[in-house]
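The values are calculated or read from the model by the stated rules, or taken from the named source; none is laboratory data. Here the structure is a predicted model, which is why all the values come from computation and not from measurement. A quick note on method: Cβ atoms are made from the backbone with ideal geometry, for glycine too, and the neighbour counts reach across all protein chains shown. Remember, those area values only see protein heavy atoms, side chains included, never the ligands or the DNA or RNA. Shrake-Rupley method; radii C 1.70, N 1.55, O 1.52, S 1.80 Å.
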Amino acid sequence: MKLILILLLFLSGCAHAETQNTLVLDYEEFGPPAAAYKLIGNDWWQWLPHGDSRPKKYDIKVVVFKDIDLDKVQRQFPIIEQNNQDYRYLKYNDALEYLDRNIEEDLLPEVTTKLKTTKQKLVQYFEKH
């Protein structure tokens, strides 16, 4: 019984370590689709050939990850079409490069503010972990 408890604690510690290497954000936190689609895909379900003819918000999440393999991230956050569970996977450094580039362009103040907020979330989160 003691061994089982120790194994469970060990396994939960490993799972927690992987979670610390990921942060899940909303698609919209990366700015308008016209800018973000090259990095994280279109703003509709990735299994559809195109978006709805009437504007619709799709619940797409972006998993930013650092110091963890992509295959582990994909197992932890699987894409499941039947549940409308759509994740996009983004390396931390790629996210920062994208955000820095678009913040520097400063095309629209409200977009720039949103991107700065997203960058701040990422930096603060990954500095702690």
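Neighbours of VAL62, meaning other residues whose beta-carbon lies under 14 angstrom from its beta-carbon, give a summed charge of +1 when Lys and Arg score +1 and Asp and Glu score -1.
In a simple Cβ point-charge model (Lys, Arg +1; Asp, Glu -1; nothing else charged), the chain has a dipole of about 380 debye relative to its Cα centre. For LYS61, the aspartates and glutamates whose Cα comes closer than 12 Å to its Cα, not counting residues fewer than 8 places off in the same chain, are ASP26, GLU28, GLU29, ASP43, ASP86. For ILE60, nonlocal amide neighbours, meaning residues 5 or more places apart or on other chains whose placed amide H falls under 5 Å from its own, are TYR27.
Which of VAL111, VAL73, VAL63 ends up with the largest GNM mean-square fluctuation for the chain, with Cα atoms connected below 10 Å? Residue with maximal mean-square fluctuation among VAL111, VAL73, VAL63: VAL111.
Leaving out ligands, DNA and RNA, and with a 1.4 Å probe, what % of the accessible surface on region 48-129 is carbon or sulfur?
Numbers: 2630 of 5610 Å².
Heavy-atom surface of region 48-129 belonging to carbon and sulfur, 1.4 Å probe: 47 percent.
Extension gain, LEU107 to TRP47: 0.36 nm times the residue separation minus the Cα-Cα distance gives 18.5 nm. A 1.4 Å probe run over the chain, with the rest of the protein chains in place, finds 68 Å² accessible per residue. Run the helix sum for the chain: -39,500 (n - 2.57) per DSSP H stretch of 4+ residues, divided by residue count, reported at 222 nm to the nearest 500 deg cm²/dmol. Taking each H run of at least 4 residues, the total per residue is -17000 deg cm²/dmol.
Each of VAL73, LEU96, LEU122 was placed along the dipole of the chain (beta-carbon charges, centred on the mean Cα), and the one lying farthest toward the positive end is VAL73.
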